[in-house]
Every structure is written in C-alpha cells, then in structure tokens.
C-alpha cells in the first residue's frame with residue numbers, strides 16, 4: 001500500500017526548501033535568464049524594437065546593409081514639370097489646348113490650326129519585356145510592324161499594355177509622347193525616330209496629356225532628348241512624304 005501524506009505533511013513539504021522535488025530545481029536551472037542582456041541573447045520584445053527602430057546609416061541595428069528599392073510612390077512629371085524642364089534648357093515652345101484626342105483620326109481635325117509635322121508614337125515590347133521601344137514617326141507613315149523586329153534585330157513585338165505604359169513613361173493610353181521620356185529615369189525605353197520625320201523643321205507632340213499639343217523646333221527636340229539621356233536611333237522606317 002502506498003503512502004498518502006496528510007494535509008499537514010504536504011504543507012511542510014512545500015514550505016521546506018530542502019524537501020521540494022529536485023526536478024523543479026533542475027528545470028529552472030536549464031531556463032535561460034532573459035532578464036539580463038547577455039551577449040547574443042535578446043528577448044522577443046527587444047528583437048521587435050530593433051526591427052522597427054530606424055537606423056541613421058540606412059541599414060538596421062543588427063548591422064545589415066540597406067537594400068535599395070525603387071520608390072514606386074514617386075509621381076510622374078506633369079505638363080508643368082515638362083515646360084519647366086524645357087525652359088531650363090532654353091527651349092521655346094507653343095502649346096495649343098484642345099479636347100482629349102485618342103487617335104490619329106481625331107487629331108487630324110486640328111490640321112490647319114497647328115502648323116508643323118504631326119506624329120504618331122507607338123510603345124512596343126518583346127515577349128519577355130527585355131526590350132521596350134518607342135517609335136516616333138509622321139502620323140501618315142506606313143510602318144510594317146510585322147517585319148519591324150527583323151530590322152532592329154529582336155523578337156516579335158507587340159503593343160505595350162496600359163500598365164507598362166504607365167510604369168515606363170508615366171502617361172496613360174492616348175498620351176504617348178517622346179516628351180514622356182522625362183519619366184524614364186531607368187532608361188528602359190529605346191527611342192527610334194523615323195528619318196522622314198526629321199526632314200521637318202517643326203514637330204508636334206502631346207505634352208504628357210492628350211488635351212494639348214506642343215509645337216517644338218526639330219533641333220530643340222533633339223536637344224531635349226539628349227538632355228534626358230535618350231539620344232534617338234534614327235532609321236528609315238517609311239518613305240519620305242511625297243514619295244510613291
């Protein structure tokens with residue numbers, strides 16, 4: 001028959017240190033003392049604070065280097081930003097306001113009101129998005145897009161999605177313009193200009209919005225492109241105006 005201690009006996013066992021079970025001492029001995037800031041040991045609270053606390057040199061408190069990331073919240077340039085940039089370069093332009101234009105056909109209604117060569121601007125990409133190409137040509141230029149990829153030496157091209165358009169040039173569909181290269185700080189977009197277009201002294205483009213058209217001298221336009229770090233590749237994509 002086993003021994004069953006009485007209530008007074010249990011009280012005496014719990015109040016006398018040397019009679020307490022030894023396994024409890026052993027378990028307590030194995031438990032780390034987190035109340036002390038021992039080297040290499042941090043509490044969960046301290047770790048959380050370290051993760052949230054900013055570090056002045058760009059890394060974290062544990063010595064990890066900062067990882068550079070692109071600021072996706074940065075706003076693209078506005079029409080006013082573009083005009084300020086042109087003014088800084090000493091470039092004079094003339095801008096005409098009009099209702100939103102989404103197609104070449106709609107913009108042709110303004111012919112006679114706005115002098116100079118009018119353009120069409122196409123943003124294309126290959127399948128892997130390794131090459132993103134902006135074609136700038138006269139609005140009536142006949143460009144064979146099915147063969148164009150063989151001319152520049154890449155895979156087949158298709159029109160860029162609205163999302164890619166905003167991501168690279170910072171403008172919505174209908175407002176594609178070489179002026180939008182001011183937003184391509186990463187130089188992801190290749191610029192190709194139809195040689196026939198540059199035979200005109202003045203050119204017309206949307207100033208980042210399809211509610212206006214900006215007229216600019218050809219040489220000033222080329223100077224703007226170089227200032228943006230996008231020197232164009234000039235190619236004969238279509239026959240000159242008047243040729244059969």
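Couple of notes before you dig in:
- Test result for residue 165, in a helix (DSSP H, G or I) and under 24 Å from residue 116 (Cβ atoms): no
- Lone unmet requirement of (1) farther than 24 Å from residue 203 by Cα; (2) touching a strand residue (DSSP E or B) at 6+ places or on another chain (Cβ under 9 Å) for residue 121: (1)
- Candidate set from region 128-144 (those that are modelled with pLDDT of 85 or more and farther than 18 Å from residue 231 by Cα); member that is surrounded by the most Cβ atoms within 10 Å (Cβ to Cβ): 138
- As a summary of the residue check, residue 204 satisfies the conditions (1) surrounded by 16 or more Cβ atoms within 10 Å (Cβ to Cβ); (2) in a helix (DSSP H, G or I) except for the one numbered (2).
- Options 201, 184: the member that is farther than 26 Å from residue 81 by Cβ and modelled with pLDDT of 95 or more: 201
- From the list 125, 156, the lone residue that is surrounded by fewer than 17 Cβ atoms within 10 Å (Cβ to Cβ) and at pLDDT 85 or above is 156.
The values are calculated or read from the model by the stated rules, or taken from the named source; none is laboratory data. The model shown is predicted, which means the values in this text are computed figures rather than measured ones. FYI the Cβ positions are ideal-geometry reconstructions off the backbone, even for glycines, and counts take in every protein chain you see.
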